[in-house]
Amino acid sequence: MIALGIEGTAHSLGVGIVTKENGKCRVLSNVIKMHRPAEGGIHPREAANHHAEQAPLVLAEAVEKAGISLSEVDLVSFSQGPGLGPCLRTAATAARALAVSLGKPIIGVNHCVAHIEIGCGVTDCTDPILLYASGANTQIIAFTNGKYRVFGETLDIGIGNCLDKFARDHGIPFPGGPEIEKLARAGRKYLELPYSVKGMDLAFSGILSSAAQYIKRGETVEDVCYSIQETTFAMLTEVAERAMAHTEKNEILLGGGVACNARLQEMVNIMARERGAQAYVPPKPLCVDNGAMIGWMGIVMHEAGVRMSLAETTVNQRYRTDDVHVTWRSG
Ligand code: AMP
Ligand code: MG
């Protein structure tokens, strides 16, 4: 089966074409186009316009790179939520048009769960805790008692948005995460920032205000970036470790764009090693928002017997991880 997945929950429009080989996901192509606002944050309607303009081009490029013809696609899947309404609707409309014109089934998938399943599809992990650290989302997710459950999450902004906002306010180009990572390598001094772990939940906006104060007081941007990384990543690692202890799982999977950060990977690796557990990171194009993970999620669900009518493909901006009706895992 060849599945074509369309991702469009936020700033990125992605089309990925995947198939299953020896029980694993084989990515035939995975094209991502990111909307980069000239200034300020993402405006949902502008991002949706970007997706609408790019959809035919990204689709054509993905098909060409996969070396297939569109008629060979057996299934169309798309991210049904959570995300920004106008963006979700644009991707869903593209998916419906494609599925109807090809006469092929369509499946709407949960974006957060797709980050877990692609990790299991391309690495050796089977039942991990997912540390999902992206622009808008920050969640610690695991499958227990028939559902993907959220063990901890941000109470305000996503970790990626925290990094991007700090960057934007201090003249560092978007996306801020990778730039902050480079600057942090030159940081030497740890400046104390609010370590906001509340039970199993996290908060990042206080860190932003404190970090801005340090800059005003003349601390170097390198030291502040270093301190932001050390603080926020320690918070993420702590909550992930407690979720592992609670669920007695011995695999941790990273997902989301912030998972590309070498320092976060290092902290999680150390934590896993000290517990006798194993950490997994998918390749970067499968960590960020991408169409391949949506295509793979489509295959996993279709194999489990999931079918959707067009009427069931309306988007859900607040599609919760624990609302997903899971028929493809047991336990
Ligand atoms: P996503 O929302 O999953 O597509 O990921 C996008 C987010 O990942 C943005 O907020 C980026 O700033 C962030 N990001 C990407 N690469 C890195 C990195 N190396 N370190 C930290 N954050 C990153
Ligand atoms: Mg994501």
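The values are calculated or read from the model by the stated rules, or taken from the named source; none is laboratory data. Note that this is a predicted model, so its numbers are computed, not measured. So basically every Cβ, Gly included, is an ideal-geometry build from the backbone, and we count neighbours across all protein chains shown.
Got a number for residues in segment 204-223 being touching a residue at least 40 places away in the same chain (Cβ under 8 Å) and more than 23 Å from Asp289 (Cβ to Cβ)? I'd like the intermediate steps shown before the answer.
Going residue by residue through segment 204-223, those that are touching a residue at least 40 places away in the same chain (Cβ under 8 Å) are 204-205, 207-208, 211-212, 215, 221.
Remaining after also requiring more than 23 Å from Asp289 (Cβ to Cβ): 207, 211-212, 215, 221.
Here the count works out to 5.
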**OP:** Considering every residue within segment 43-52, establish whether at least one is of a type in the set (Gly, Ala, Ser) and touching a Pro at 6+ places or on another chain (Cβ under 6 Å).
**Re:** yes
Original post:
For segment 64-77, how many residues are farther than 20 Å from Ala114 by Cβ and either out of contact with any strand residue (DSSP E or B) (no Cβ under 7 Å at 6 or more places or on another chain) or in a loop (DSSP other than H, G, I, E, B) (or both)?
Top reply: 6
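Only one of Ile270, Ile215, Ile252, Ile228 is loosely packed, with under 15 Cβ neighbours inside 10 Å, β-branched (Val, Ile, Thr) and either over 18 Å from the mean Cα position of the chain (by Cα) or closer than 22 Å to Ile141 by Cβ (or both). Can you tell me which? Reasoning before the result, please.
Working: Ile215 fails: loosely packed, with under 15 Cβ neighbours inside 10 Å; Ile252 fails: loosely packed, with under 15 Cβ neighbours inside 10 Å; Ile228 fails: loosely packed, with under 15 Cβ neighbours inside 10 Å.
Residue meeting the stated conditions: Ile270.
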Original post:
If Thr144 passes every condition in (1) under 23 Å from Gly206 (Cα atoms); (2) out of contact with any Asp or Glu (no Cβ under 8 Å at 6 or more places or on another chain) but one, which one does it miss?
Top reply: (1)
Original post:
Which pairs have Cβ atoms under 9 Å, sit 6 or more apart or on different chains, and link a residue in segment 266-293 that is within 10 Å of Glu251 (Cα to Cα) and of a type in the set (S, T, N, Q) to one that is surrounded by fewer than 19 Cβ atoms within 10 Å (Cβ to Cβ) and modelled with pLDDT of 95 or more?
Top reply: Gln278/Asp124; Gln278/Asn250
Original post:
Quick check: anything in segment 164-171 in contact with a Leu (Cβ under 9 Å, 6 or more places away or on another chain), over 17 Å from Ser134 (Cβ atoms), touching a residue at least 24 places away in the same chain (Cβ under 8 Å) and away from ligand 2 (no atom under 16 Å from the Cβ)?
Top reply: yes
